[in-house]
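Peer 1: I have a structure here, written as structure tokens, and I will follow up with some questions on it.
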Amino acid sequence: MNLLFSTIIICSLLNGALADSFNFEHIGESPENSDVSTSKGVGYSITFTNNWTQENHPFRYPPSDPHWSRFVYASHSSAYVMWQDGGTATKGIENVAEFGSISALQSEIEGQQTAGNVLDDVVGNGIGNASQGATSTTGDNLCVDASHPYVSGISMIAPSPDWFTGVYNLPLSDESTMTW
């Protein structure tokens, strides 16, 4: 598999309890408008940058120990839905939201890999102190290909009443040019 190394920065834009939008920005050595065809598989490194602070989000900000659980990301086809706004949570998603535990979600993802719906998954470190600019990075690159062009990810926000944030069904390809 040919790999293009790029980076996605996913920034949390929390308003109250649950993120309802996200930003991602291109950084790194590769061109912003790639000429790499979607017929080739590519890999992305992922960095999450914290913007959830008392100053930025004073409503219901926890009085002590704000932090993030480990982050789980998967590249997948349209046949897989890790989570979505208004959807029913799987046990894996429920465990992330309630406890920050990722093991059940990883098992669900493994089952979807066996079914051919998920190509790859990576885990980013948790953020123990949710200070402005604190980051979580994945140790490995997340691979995508033409059959698995979407990325979804999730992390628990704590301490909280089941708050989490993430991204779902983010297309990494440009359908109009058939490039990454």
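Peer 1: Would you check the accessible area of residue 77, probe 1.4 Å, heavy atoms only, in square angstrom rounded to 10?
Peer 2: The accessible area of residue 77 comes to roughly 20 Å².
Peer 1: What does the C-alpha gyration tensor say about the overall shape of the stretch 51-180? Classify as rounded when a/c is under 1.5, otherwise prolate if a/b is larger than b/c, or oblate.
Peer 2: Taking the square roots of the gyration eigenvalues as a ≥ b ≥ c, the stretch 51-180 is prolate.
Peer 1: Also, I was wondering about something else. Hey, can you grab everything whose amide H is under 5 Å from the amide H of residue 126? Only 5+ residues off in sequence or another chain; H modelled, so Pro and N-termini drop out.
Peer 2: 70, 71
Peer 1: Rank these by accessible area, largest first, 1.4 Å probe: 110, 94.
Peer 2: Highest to lowest solvent-accessible surface, that is 110, 94.
Peer 1: Taking 0.36 nm per intervening residue step and subtracting the Cα-Cα distance, what contour gain separates residue 60 from residue 131 on full extension?
Peer 2: Contour length minus Cα-Cα distance gives 23.9 nm.
Peer 1: Further, regarding this structure: Once phi is turned into θ = phi - 60°, what whole-Hz ³J(HN,Hα) does the Karplus curve with 6.51, -1.76 and 1.60 give for every residue of the stretch 38-44, x standing for Gly and Pro?
Peer 2: 5, 6, 10, x, 9, x, 10
The values are calculated or read from the model by the stated rules, or taken from the named source; none is laboratory data. All figures in this text were calculated on a predicted structure; none of them were measured in a lab. Note: accessible area is taken over every heavy atom of the protein model, side chains too, but ligands, DNA and RNA are not part of it. Shrake-Rupley method; radii C 1.70, N 1.55, O 1.52, S 1.80 Å.
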